[in-house]
Amino acid sequence: MAGAGTHVLYYSYTDANGCSSIDSTDIVVNEIPRLDPGSYGPLCVSASPVFLQGTPTGGAWSGPGVSGSTFDPSVAGVGTHPVKYSITVIGGCVTDTTIQIQVNPLPVLTLGSYGPTCVTASPLSLSGLPVGGTWSGPGVSGSSFNPSVAGAGTKRIYYSYTDANGCSSIDSTDIVVNEIPRLDPGS
């Protein structure tokens with residue numbers, strides 16, 4: 001079996017009269033290039049599209065979430081996706097390789113419900129799941145909500161969480177803080 005390179009092929013023929021002839025031709029065998037599609041991910045489903053860069057350049061990408069040379073995790077969806085890089089070299093030889101791109105889900109948050117409460121009430125303890133996120137908003141300090149600091153009205157507070165994969169979610173809940181009624185005992 002011949003390897004890559006230029007090879008000379010000979011053909012000889014002797015006819016019935018004993019006359020012989022020989023001729024040759026060159027055959028070029030192209031080497032199949034080693035492909036390096038690169039490495040991508042894992043990605044969060046909310047991540048921006050990723051530009052795919054394979055070497056040698058000039059190949060074509062295909063697979064779930066692929067458009068041209070871009071992989072969009074939100075289009076591919078959560079899961080492990082086979083993405084193929086293929087290239088055609090001179091002479092029509094095609095080679096390809098497939099990589100797997102992992103797309104992780106966003107964390108699902110549970111915030112609970114709070115209130116209504118009075119503006120003079122004691123601070124409320126906030127608990128969000130998964131544990132370890134961050135609360136923010138009017139009247140929030142750490143994981144407590146202080147109605148007197150927030151003031152009367154409907155107050156929107158937020159809980160954000162980033163999981164071990166680096167995927168983040170944020171959600172909100174409203175707390176109604178009621179004003180203390182003003183009493184008029186009369187005169």
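Key figures
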item: Average accessible area per residue (Å²) across the chain - probe 1.4 Å, nucleic acids and ligands excluded; result: 63 Å²
item: Förster radius 41 Å - calculated FRET efficiency between Asn17 and Thr95 (Cβ-Cβ, nearest 0.05); result: 0.25
item: Helical contribution to [θ] at 222 nm, DSSP H n ≥ 4, -39,500 (n - 2.57), averaged over the chain, rounded to 500; result: -500 deg cm²/dmol
item: Inter-label distance for Ser144 and Val45, nm, one decimal - labels placed 7 Å from Cα along Cα-to-Cβ; result: 3.7 nm
item: Rg/Rg_globular for the chain, with Rg_globular taken as 2.2 N^0.38 Å and Rg from C-alpha atoms; result: 2.13
item: Projected area averaged over orientations for segment 87-187, convex hull of C-alpha atoms, nm²; result: 10.2 nm²
item: Tyr158-Thr70 FRET efficiency (beta carbon distance; Förster radius 30 Å; 0.05 resolution); result: 0.45
item: In nm, spacing of pseudo-spin labels at Tyr10 and Asp171 (7 Å Cα→C-beta vector); result: 8.1 nm
item: Ratio of Rg to Rh over segment 43-114 (Cα coordinates, Kirkwood Rh, two decimals); result: 1.20
item: Given 11 as the ceiling on other Cβ atoms within 10 Å, longest exposed-site-free region of the chain for trypsin sites (Lys or Arg not before Pro) in DSSP loops; result: 35-181
item: Two-site label geometry, Ser136 and Asp184: point separation in nm, points 7 Å out along Cα→Cβ; result: 4.4 nm
item: Percent accessible area from carbon and sulfur atoms, segment 1-80, protein chains only, probe 1.4 Å; result: 52 percent
item: The chain: Cys lacking any partner C-beta under 4.7 angstrom; result: Cys19, Cys93, Cys118
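The values are calculated or read from the model by the stated rules, or taken from the named source; none is laboratory data. Owing to the predicted nature of the structure, the values given are computational and were not obtained by experimental measurement. FYI the Cβ positions are ideal-geometry reconstructions off the backbone, even for glycines, and counts take in every protein chain you see. Heavy atoms of the whole protein, side chains included, go into the accessibility calculation; ligands, DNA and RNA do not. Shrake-Rupley method; radii C 1.70, N 1.55, O 1.52, S 1.80 Å.
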